[in-house]
Amino acid sequence: MTDFRRTRALFHIPDGVIYLDGNSLGPLPIAAVDRVARTLSGEWGNELIRGWNTAGWMAQPRRIGDRVGRLIGAPAGTVAIGDTLSIKVYQALASALELTPERRVILSDNGNFPSDLYIAEGLIGSLDAGHILKVVAPEDVENAIDGTVAVLMLTEVDYRTGRLHDMTALTRKAHLAGVLTVWDLAHSAGAIPVDVTAADADFAVGCTYKYLNGGPGAPAFIYVAPRYAEIARPALSGWMGHEAPFAFDLDYRPGLGIERMRVGTPPVIALAALDAALDVWEDVSMNDVRSASIALADLFIDTLEARCPQLTLASPRDGQKRGSQVSFRHENGYAIMQALIARGVIGDFRAPDAIRFGFTPLYIGESDVRAAVDVIDDVMTNRRWDTPEYRTMAVVT
Ligand SMILES: Cc1ncc(COP(=O)(O)O)c(C=O)c1O
């Protein structure tokens, strides 16, 4: 059994805060402070350029990729880390399209994160080869998979509602129709059990700043199924993905396997923070995280619905059909969330009307859920959100 009291003590949660936004940005793992300080002073400060060899900076993406891989069912040597998730989406989609040259349709859904759809549009424009992006409702994805589709590109957990796709079933259906899959695991990795091998995913990508607690702007990851690792052509053929970066050849030759999905210089300091954040997972069972998160979210839904009928559940009621977040709708959702944040209950808002709460058992327990519901009840019952200051939209919602 995972000891969630132990894991909770590994995070810095400011006094007076109930943090229900780990689905957007995980909190600070206390050990990351020392780790980053050591990387700055001990490694960068003292080693200077030598750090690339003496401090293992060059091997970081591969080593930390393997650590993330263990959390998503990826064998060693199949995950690379670096860049932002949008870039990893581009790489995965571009490689997948090249592997299905006779087809022209990219199939996705309107629950996908907009950046993934924007990236697909941009790539289609650059390829100028007649590809189209077909976006259907999440429940229509299965029926839209047919022999015209080149790539099925989906985010497993809907960022607004938490609705969960059946990755294994959709991948199976895709493969039967000769379709390759690109799965975005941004809201899955560290939130729910993921097994890219068992699901037979072709490509998977995700970020590390949400449930993996790597810090703001922490680098993203890409998984390539071993069957494609040596044949997928990297669209972003940067020098770090070259077979021999320090040969400084004038021609590009892709690196071995997943190494080719590296692009440029690794973000050493950010990777040090992520490495420390991944230590938290050493004695954690993802199945325990999943059952605890469902129990917390169920408790939240039941108590909130009983006390705040003004809020409408926007997430699946069945915990098995949700990721690790719960959303409620209200036309004044933005102001409500500002009032909650001012009272220490931190979630977030997603346009047009969803207030979103993440349930992360590593540092959130039942008493937090009950205390959060008390605050929400007070904000709703006493219309504490109804002031001009809470209606002014910030840049980040
Ligand atoms: C599902 C999903 N895909 C892509 C992105 C974009 O990630 P990034 O800003 O790291 O490129 C996000 C960001 O939250 C996301 O949630």
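The values are calculated or read from the model by the stated rules, or taken from the named source; none is laboratory data. What you see is a predicted model; the values in this text were computed from it and never measured. Heads up, the Cβs are rebuilt from the backbone with ideal geometry, glycines too, and the neighbour counts pull from every protein chain shown. With ligands, DNA and RNA removed, areas are computed over all heavy atoms of the protein, side chains included. Shrake-Rupley method; radii C 1.70, N 1.55, O 1.52, S 1.80 Å.
Out of the stretch 198-218, which residues are more than 14 Å from the ligand (Cβ to nearest atom), more than 17 Å from residue 67 (Cα to Cα) and buried (at least 17 other Cβ atoms within 10 Å of the Cβ)?
Once the filter is applied, which keeps residues that are more than 14 Å from the ligand (Cβ to nearest atom), more than 17 Å from residue 67 (Cα to Cα) and buried (at least 17 other Cβ atoms within 10 Å of the Cβ), the stretch 198-218 yields 199, 201, 202.
If you check residue 366 against the conditions, is it over 18 Å from residue 155 (Cβ atoms), of a type outside the set (A, V, I, L, M, F, W, C) and in contact (Cβ under 8 Å) with a residue 60 or more places away in the chain?
Considered against the rule, which asks whether it is over 18 Å from residue 155 (Cβ atoms), of a type outside the set (A, V, I, L, M, F, W, C) and in contact (Cβ under 8 Å) with a residue 60 or more places away in the chain, residue 366 comes out as yes.
Within the stretch 219-256, track down each residue that is surrounded by 17 or more Cβ atoms within 10 Å (Cβ to Cβ), of a type outside the set (A, V, I, L, M, F, W, C) and touching an Asp or Glu at 6+ places or on another chain (Cβ under 6 Å).
The one that is surrounded by 17 or more Cβ atoms within 10 Å (Cβ to Cβ), of a type outside the set (A, V, I, L, M, F, W, C) and touching an Asp or Glu at 6+ places or on another chain (Cβ under 6 Å): 255.
Name the pairs: first residue in the stretch 68-86 and in contact (Cβ under 8 Å) with a residue 40 or more places away in the chain and part of a helix (DSSP H, G or I), second residue more than 16 Å from the ligand (Cβ to nearest atom) and among the polar types (S, T, N, Q), Cβ to Cβ under 7 Å, at least 6 apart or on different chains?
Listed by first residue and then by second, the contacts come to 69/78.
Looking only at the stretch 80-102, which residues are more than 8 Å from the ligand (Cβ to nearest atom), β-branched (Val, Ile, Thr) and within 15 Å of residue 185 (Cβ to Cβ)?
Of everything in the stretch 80-102, just one residue is more than 8 Å from the ligand (Cβ to nearest atom), β-branched (Val, Ile, Thr) and within 15 Å of residue 185 (Cβ to Cβ), namely 81.
So, of the residues in the stretch 156-192 that are assigned to a strand (DSSP E or B) and more than 15 Å from residue 113 (Cα to Cα), which turns out to be nearest to the ligand (Cβ to nearest atom)?
Out of the qualifying residues, it is 181.
Which of the residues that make up the stretch 103-122 are within 14 Å of the ligand (Cβ to nearest atom), surrounded by fewer than 22 Cβ atoms within 10 Å (Cβ to Cβ) and among the hydrophobic types (A, V, I, L, M, F, W, C)?
Result: 113, 117.
Could you please tell me which pairs satisfy a Cβ distance under 6 Å, a separation of 6+ or placement on different chains, a first residue in the stretch 28-40 that is hydroxyl-bearing (Ser, Thr, Tyr), and a second residue that is open to solvent by 50 Å² or more (accessible area, probe 1.4 Å)?
Sorted first by the residue in the stretch 28-40, then by its partner, the pairs are 39/269.
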